[in-house]
1. List nothing, just return the count: lysine pairs in region 134-289, 8 or more apart or interchain, with Cα separation under 25 Å.
2. Per residue of region 173-186, what does 6.51 cos²θ - 1.76 cosθ + 1.60 with θ = phi - 60° give for ³J(HN,Hα)? Whole Hz please, x for Gly and Pro, Karplus curve as stated.
3. Return the loop-located trypsin sites (Lys or Arg not before Pro) in region 1-57 (DSSP other than H, G, I, E, B) with at most 13 other Cβ atoms within 10 Å of their own Cβ; answer none if there are none.
4. Using only alpha-carbon positions, what ratio does the radius of gyration of region 120-190 give when scaled by 2.2 N^0.38 Å?
5. Taking only DSSP H segments of four or more residues, each worth -39500 (n - 2.57), what value at 222 nm results for the chain once the sum is divided by all its residues, to the nearest 500 deg cm²/dmol?
6. Scan around ASN35 for amide H atoms under 5 Å from its own, H built in the peptide plane at 1.01 Å from N, and keep only partners 5 or more places away or cross-chain.
7. What are the ³J(HN,Hα) couplings of region 105-118, residue after residue, when phi is run through the Karplus curve with 6.51, -1.76, 1.60 and θ = phi - 60°? Round to Hz, x for glycine and proline.
8. In Å, what Rg and Dmax follow from the Cα atoms of region 172-220?
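What follows is calculated from the coordinates using simple rules that are stated; it is not laboratory data. Keep in mind it's a predicted model, so treat the numbers as computed, not measured. Reconstructed Cβ throughout: ideal geometry from the backbone, glycine too, with neighbour counts over all protein chains shown.
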Amino acid sequence: MIFGIDTASVGGNKDPNWVQAKAEGPISFAIIRSNYGEQEDTTFKRDWPRIADAGMVRGVYLFLRFPRGGKSAPAPAAQAQAVIQTVGDLTKFDLPPTVDVEFPGDGRVETGLSAQECLDRVRACCKVLQDHYGVAPLLYTSARVWRDDLKNLPAPDLVESPLWLARYFFPKGPAARDAAAFADGRLDPAVPPSWGDANWWIHQYQGDAVQCPGFSTGNVDMNRFNPMYRGAVGERVKWVQRRLNIPPKGKFDAATDAALRDFQAKNGLVADGVIGPRTFARLCWISVG
């Protein structure tokens with residue numbers, strides 16, 4: 001199991017020990033909030049370099065603000081520009097930025113906007129990030145949000161954005177790190193229709209977890225990475241094949257294995273034919289179509 005975490009200043013972690021988290025978690029990747037709307041997260045500058053120093057794959061997310069309770073929100077493009085200003089340049093072994101699409105409280109009804117208007121705001125934000133960084137951002141959401149709040153509106157223009165999906169199977173409390181719990185696939189997250197089948201890369205499976213090694217004073221959200229091995233099939237494989245510039249047939253076959261190993265070797269990665277967080281991050285930086 002490849003575990004990861006995400007966190008922000010609201011987690012209340014006063015002095016996280018990222019080296020301990022990697023060693024004892026064991027945590028292989030971390031995604032931290034860079035911005036709440038236009039506002040920079042107060043712990044971003046502290047934690048961003050420390051994650052890299054600990055040897056983890058790192059990423060940032062924007063909590064995309066929508067109008068709520070009669071109060072306006074910054075334009076989506078302005079929020080995306082704030083991320084660019086906060087984060088600056090990224091390496092090809094960082095994850096591209098993530099756009100967090102969720103509706104706290106009573107859901108989309110509090111925004112006063114239609115599902116289409118909300119989705120258009122997501123698109124506007126993604127466009128600014130893609131224009132600047134040259135590749136599609138990741139999307140954090142859930143099948144429930146996409147169904148209940150966005151009415152399962154089709155989004156074929158967003159399918160190049162890899163999915164980080166929330167679905168909680170564990171209550172708040174000690175960090176759940178039992179790999180065996182996920183072995184049979186019953187705890188996999190559902191996927192919004194536009195992406196198809198099991199097309200997800202990261203699963204946030206527990207919120208407000210405590211007692212995660214390295215985090216003694218606050219909480220984090222627990223995540224797992226969905227690695228890809230030879231024999232995999234579906235839309236997620238096609239996403240990889242498009243980036244390897246081979247026919248997107250949707251089956252991780254011998255040709256895909258050879259292309260992947262060649263890609264890994266040329267990029268200083270372990271050429272094992274497995275897509276883990278580091279290979280995934282590097283693949284994300286390949287622009288397609």
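1. Values: LYS238/LYS249; LYS238/LYS251; LYS238/LYS266; LYS249/LYS266; LYS251/LYS266.
Summing the qualifying lysine pairs gives 5.
2. Coupling constants for region 173-186: x, x, 4, 7, 9, 9, 4, 4, 5, 9, 4, 8, x, 5 Hz.
3. Numbers: sites: LYS14, LYS22, ARG33, LYS45, ARG46, ARG50; in loops: LYS14.
Of the trypsin sites (Lys or Arg not before Pro), the ones in loops of region 1-57 whose Cβ has at most 13 other Cβ atoms within 10 Å are LYS14.
4. Details: Rg = 15.3 Å, N = 71, 2.2 N^0.38 = 11.1 Å.
Normalised by 2.2 N^0.38 Å, the Cα Rg of region 120-190 equals 1.38.
5. Working: 7 runs with 79 residues, N = 289.
Taken over the chain, the calculation gives -8500 deg cm²/dmol.
6. ASP41, TYR61, PHE63
7. Going residue by residue, I get x, 8, x, 4, 4, 6, 7, x, 10, 7, 4, 5, 5, 5 Hz, with x marking Gly and Pro.
8. Just the Cα atoms of region 172-220 yield Rg and Dmax of 13.6, 40 Å.
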